[in-house]
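S.K.: Got a structure for you, written out below as structure tokens; questions coming shortly.
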Amino acid sequence: MTDQYNYLDQITAYSSCANACEQCASACLREKDAGHYRCIELCRDCADLCRLTATLMLRDSPYVAVASQLCRIACLACAEECIQHTSQHCQECAHACQQCADDPLLETA
């Protein structure tokens, strides 16, 4: 296992991504646009998985690698969906998710 302090950059990125996803989902809900249903769904899942992965890193859990892979898949799906919407919150969410997905730890975990 790895010292959780080695994960500080990732934990910060995951927290930032989770916050962007929550903000995006909330803003999409307020818009009441049925075209954003998938965006909301993916943002919620991505936020939960980012938080879970960060928590497992803090615990130095043996499940970090598995959670990281699932988190990367969710981040990529969320980024792909959000980039299709023109609203600022969706664009910011797509950027945060893509940054998370591009993390070398996620790519190799």
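S.K.: Across the range 22-75, which residue is modelled with the highest pLDDT among those that are small (G, A, S) and in contact with a Leu (Cβ under 6 Å, 6 or more places away or on another chain)?
M.R.: A74
S.K.: Taking Y14 as the residue in question, decide whether it is of a type in the set (S, T, Y), in contact with a helix residue (DSSP H, G or I) (Cβ under 9 Å, 6 or more places away or on another chain) and closer than 19 Å to D102 by Cα.
M.R.: So Y14 passes the test.
The values are calculated or read from the model by the stated rules, or taken from the named source; none is laboratory data. Everything quoted here is computed from the prediction, not taken from an experiment. Counting neighbours? That spans all protein chains shown, and the Cβs are built from the backbone with ideal geometry, glycine included.
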